[in-house]
1. Mind listing whichever residues of the range 126-153 are surrounded by fewer than 20 Cβ atoms within 10 Å (Cβ to Cβ) and charged (D, E, K, R)?
2. Across the range 62-88, which residue is nearest to residue 130 (Cα to Cα) among those that are open to solvent by less than 20 Å² (accessible area, probe 1.4 Å) and modelled with pLDDT of 90 or more?
3. Quick one: what pairs do we get from the range 83-94, first residue at negative phi, second open to solvent by less than 10 Å² (accessible area, probe 1.4 Å) and of a type in the set (Phe, Trp, Tyr), C-beta under 6 Å, 6+ apart or different chains?
4. Restricting to the range 58-99, name every residue that is small (Gly, Ala, Ser) and within 12 Å of the chain's Cα centre (by Cα).
5. If a residue counts only when it is charged (D, E, K, R) and within 24 Å of residue 143 (Cα to Cα), which strands (runs of 3 or more DSSP E) contained entirely in the range 52-129 have at least 2 such residues?
6. Just the residues that are among the acidic types (Asp, Glu) and touching a residue at least 40 places away in the same chain (Cβ under 8 Å), please, taken from the range 124-171.
7. Report the residue count in the range 89-124 for those that are open to solvent by less than 40 Å² (accessible area, probe 1.4 Å) and not acidic (Asp, Glu).
8. Does residue 157 satisfy the criteria of being among the aliphatic types (A, V, I, L, M), modelled with pLDDT under 95 and either farther than 16 Å from residue 90 by Cβ or out of contact with any Lys or Arg (no Cβ under 7 Å at 6 or more places or on another chain) (or both)?
Amino acid sequence: SLSLERLTDDSQARDLPRSRVVRLSLPRRGGGDGGGDADGGAAPELVPLDDVSVSGGFADLPTINPRVAGCADYRFVYGIGAARPTPVSNRLVKTDVAGRGGDAAFEVAGMLPGEPLFVPRPGGAEEDDGVLLSMGTDPDGGSSLYVLAAQDMRLLAQCRSPVPLPAGFHGCWLEEGGGS
């Protein structure tokens, strides 16, 4: 469980629990569409999609290109992962759910990444043509906005905040002049 005691007690297990990017396939039920029998005799199936050598067997805070939201055949999922052993997520990952070898990761030793946000390139034709934005807590306790090329997870820019920002699970992105 995620508790302060567990995170600070060195006698407790200090590695993140395992989690994976999986596809849940549900059998079709009867109803004239030819997709199965009326009693749903087939069992649901979980199919792992991530490369554990990239994700570290940990995946959370997933996002996709908003242009493919709602499409069944999207190919890329971005999120946070882990270089193990570690008690926290410590890398950003790209998972190719089509299994065509497009998995990649970005990591800065000691940096704690926040939830990534995919921003498509205007006029971009490929699904992974854009950038990822992620606030990270830097090794020295400061904070930076990391801008990554979504196609290969290479660092394009690191914008250091003038003040440290608290680490958080989710980003808060506001349009210009949209603050309170």
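1. 126, 129, 138, 140, 152
2. The first filter runs over the range 62-88 and keeps only residues open to solvent by less than 20 Å² (accessible area, probe 1.4 Å), leaving 65, 76-82, 86.
Those still in the list that are modelled with pLDDT of 90 or more too: 65, 76-82.
Details: 65: 8, 76: 12, 77: 13, 78: 12, 79: 15, 80: 18, 81: 20, 82: 23 Å.
My answer is 65.
3. Here the result reads 94/78, each pair linking the range 83-94 to a residue that is open to solvent by less than 10 Å² (accessible area, probe 1.4 Å) and of a type in the set (Phe, Trp, Tyr).
4. Looking only at the range 58-99, we keep the residues that are small (Gly, Ala, Ser), and these are 59, 69-70, 72, 79, 81-83, 89, 98-99.
Correct list: 59, 79, 81, 82, 89.
5. Working: elements: 60-63, 76-81, 91-96, 104-106, 117-120.
Hits in the range 52-129: 91-96.
6. The first filter runs over the range 124-171 and keeps only residues among the acidic types (Asp, Glu), leaving 126-129, 138, 140, 152.
Residues satisfying the conditions are 127, 128, 152.
7. 18
8. Numbers: among the aliphatic types (A, V, I, L, M): yes; modelled with pLDDT under 95: no; either farther than 16 Å from residue 90 by Cβ or out of contact with any Lys or Arg (no Cβ under 7 Å at 6 or more places or on another chain) (or both): yes.
No, not satisfied.
The values are calculated or read from the model by the stated rules, or taken from the named source; none is laboratory data. None of the values given here were measured: they were computed from a predicted structure. With ideal geometry, Cβ positions are generated from the backbone for all residues, glycine too; neighbour counts draw on all protein chains shown. Keep in mind that these areas ignore ligands, DNA and RNA; they rest on the heavy atoms of the full protein, side chains included. Shrake-Rupley method; radii C 1.70, N 1.55, O 1.52, S 1.80 Å.
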